[in-house]
Amino acid sequence: MAWDQLSGDARSVAYREDLAVSPNAKGWSDLRPWSQVEQATTTVLATMIARDPAGCGFTLAYVPYSRLGEDQGADLSWEVNFGLPHSGEDAYELAGHPAAVIDELTKTLSTAGEVSASSEVDDLVQGASRSWQGWSQLLADAARLCCHLPDEDAGMDVSVGYSPAEQSGPWIWTVAIPVPGTEYPASEWEGSSPLEVLRAALEEADSWLQGLPAGHLRVLLAQESSQPLT
């Protein structure tokens, strides 16, 4: 689903002039096209599945006011974290653009030895990638809005997991946005594609931009309010 197929309400939040990228927010100085994150994700998922076909994934995090790298003048506001195959250890990469940091993840995986994706894996990932086309624009709009959360809480995690044993499908995508003033849980949306979860987050932007819980938290609060008083 393309960005222009979103509901009118979601578009109005995404393009409001008063919600332009904050001048002190990082993660926007690298002018490469945001669409490159889609190809970078396709490449790294094929590599990860080739190494660990039973299940794998990673989390892409945006931290617009990160202090990391300031002493070197570096923009390290985009992060990936992931489990190293067959090691039980987590690893992290940092960069100033979402495509760049995912490329760093691909390089790190390549140091563990060359592994070629089979034609079945390549077909699987390429087919999914085609169905997800356009999600990088949604990522950019959600990241831009996150710049307007309080500095100490601003940010967003976008996670993708591959789990072939899942009955609902092999792909699990999650978007998590902090609720200001609370360490956990975050507002969260889960689905089978990045288009689905980012669209859902944008549709509730009016809530989380005000610091109100959204996503599964909003649903939980609604359920609780419907319970009879005892």
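The values are calculated or read from the model by the stated rules, or taken from the named source; none is laboratory data. Bear in mind the structure is a predicted one, so any value in this text is a computation, not a measurement. Reconstructed Cβ throughout: ideal geometry from the backbone, glycine too, with neighbour counts over all protein chains shown. To get the accessible areas, we keep the full protein, side chains included, count just its heavy atoms, and leave off ligands, DNA and RNA. Shrake-Rupley method; radii C 1.70, N 1.55, O 1.52, S 1.80 Å.
Multiplying the sequence separation of Arg51 and Thr111 by 0.36 nm and subtracting their Cα-Cα distance, what value in nm do you get? Don't skip to the answer; put the middle values down first.
On the way: separation 60, 0.36 × 60 = 21.60 nm, distance 1.23 nm.
Result for the pair: 20.4 nm of gain on full extension.
Could you tell me what percent of the accessible area of region 100-190 is made up of carbon and sulfur, with a 1.4 Å probe and every protein chain present? Present the calculation step by step, with values, prior to reporting the outcome.
Values: 1990 of 4340 Å².
In region 100-190, the share of accessible area belonging to carbon and sulfur is 46 percent.
Given a Förster distance of 25 Å, report the FRET efficiency between Ser163 and Asn81 from their Cβ-Cβ distance, rounded to the nearest 0.05. Could the numbers behind the result be given before it?
Working: r = 18 Å, r/R0 = 0.71.
It comes to 0.90.
So what is the accessible area of region 41-191 per residue, in Å², with the probe set to 1.4 Å?
Details: 6810 Å² over 151 residues.
Accessible area per residue: 45 Å².
Under a Cβ-only charge scheme (Lys and Arg +1, Asp and Glu -1), can you give me the dipole magnitude of region 25-151 about the Cα centre, in debye to the nearest 20? All intermediate terms of the calculation are to be shown ahead of the outcome.
Numbers: 7 positive and 18 negative charges, 57 e Å.
Using only the charged Cβ atoms, the result is roughly 280 debye.
In region 166-221, what GluC sites (Glu not before Pro) fall in a loop by DSSP, with at most 10 other Cβ atoms inside 10 Å? Please list the in-between numbers first.
Numbers: sites: Glu166, Glu183, Glu188, Glu190, Glu196, Glu203, Glu204; in loops: Glu166, Glu183, Glu204.
Those satisfying the criteria are Glu183.
Using r as the Cβ-Cβ distance of Leu19 and Ser119, and R0 as 30 Å, what FRET efficiency do you calculate, to the nearest 0.05? Present the calculation step by step, with values, prior to reporting the outcome.
Numbers: r = 44 Å, r/R0 = 1.48.
About 0.10, to the nearest 0.05.
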